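Below: the structure, in structure tokens.
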Amino acid sequence: MDTTVKYLAESYNIPLIVAIRYIVNTLFIIAVFAPHQAKTMLKTQRTGLVLVRAACLTSMSLLVGLALKVMPVAEMIAISFLSPLLVALLARPLLGETIGFLGWLATLTGFMGVMFIAQPSNGLDPSGVVLMLLAVIVNTFYQLLSRLLAPTETTVALLFYTTLMGTVVFGLTLPWAWYGIKPTTLQILLFISTGITGGIGHYLFTAAYRYAPATVIAPITYIQLLWAGLFGWLVFGDLPSVWSLLGMGLVILSGLMMMLKARKPAIR
């Protein structure tokens with residue numbers, strides 16, 4: 001999805017891309033879940049926190065989209081992995097989770113890897129770095145809220161209200177964002193794909209929090225770096241520097257260490 005957004009951002013503005021993503025996403029969810037789980041999709045127990053979580057992802061979508069206009073996909077995602085460090089730091093006081101020695105070692109290793117990637121010698125656009133740091137803060141609260149709400153809210157409801165908020169917020173911008181060249185058939189398909197891939201990914205991400213704590217799930221997303229590097233090279237010809245590759249290796253190593261630490265919790 002990130003690769004597609006960056007590709008479309010070369011011809012269209014970010015609010016338009018994000019608006020279409022959320023509109024397609026919402027329609028996709030309604031088509032899949034409404035026929036059999038309509039009541040489940042609408043029912044929430046902690047509506048306020050559900051909406052705050054939705055607002056976090058909506059604002060993060062805009063920040064990441066703007067950053068992608070000026071940054072390679074792999075480097076953008078690498079900086080976003082500062083979030084697992086913040087999740088690990090806040091999960092204990094806010095969620096009562098423990099991380100342990102190996103967990104701390106894994107998190108700090110990932111942090112070192114991100115520092116290698118974000119160093120000034122790699123030539124990253126400063127505005128893109130600032131946008132991603134803001135996105136990291138928002139993403140941290142999104143991940144913590146995902147874990148906090150998992151015991152009381154259904155995955156379908158969390159997914160629906162998140163996409164609904166994005167549809168409303170960015171849909172209101174369409175009168176001003178709807179401009180640009182006429183899209184080709186390929187571009188139309190790519191616009192649609194952002195909503196579908198985003199919806200499926202968000203569903204799996206939200207469901208995962210039912211089976212493992214935030215300190216375990218967050219670093220596992222480091223695997224995304226492999227795909228970001230591959231797609232960045234295939235689509236845009238972006239080749240990471242030696243320092244970036246070293247940093248990505250450390251980030252992946254930290255994710256593997258956290259997976260070794262993981263223990264399957266008791267599930268009723």
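The number of residues in the stretch 196-221 that are in contact with a Phe, Trp or Tyr (Cβ under 6 Å, 6 or more places away or on another chain) and not β-branched (Val, Ile, Thr) comes to 1.
Out of Ala88, Ala34, Ala55, one residue alone is among the small types (Gly, Ala, Ser), assigned to a helix (DSSP H, G or I) and more than 18 Å from the chain's Cα centre (by Cα). It is Ala34. The set of residues from the stretch 186-240 being without any contact (Cβ under 8 Å) to a residue 40 or more places away in the chain, more than 30 Å from Leu102 (Cβ to Cβ) and in a helix (DSSP H, G or I) comprises Leu186, Ile188, Leu189, Ile200, Trp233, Leu234.
Does the stretch 99-117 include one or more residues that are modelled with pLDDT of 80 or more and either among the polar types (S, T, N, Q) or touching a strand residue (DSSP E or B) at 6+ places or on another chain (Cβ under 7 Å) (or both)? Scanning the stretch 99-117 turns up at least one residue that is modelled with pLDDT of 80 or more and either among the polar types (S, T, N, Q) or touching a strand residue (DSSP E or B) at 6+ places or on another chain (Cβ under 7 Å) (or both). Of the residues making up the stretch 241-252, none is within 30 Å of Val32 (Cα to Cα) and either of a type in the set (A, V, I, L, M) or outside any loop (DSSP other than H, G, I, E, B) (or both). Looking across Leu250, Leu204, one residue alone is more than 30 Å from Gly123 (Cβ to Cβ) and modelled with pLDDT of 80 or more. It is Leu204.
The values are calculated or read from the model by the stated rules, or taken from the named source; none is laboratory data. Everything numeric here is computed off the predicted structure, so don't read it as measured data. Cβ sites come from the backbone with ideal geometry, for glycine too, and all protein chains shown count toward neighbours.
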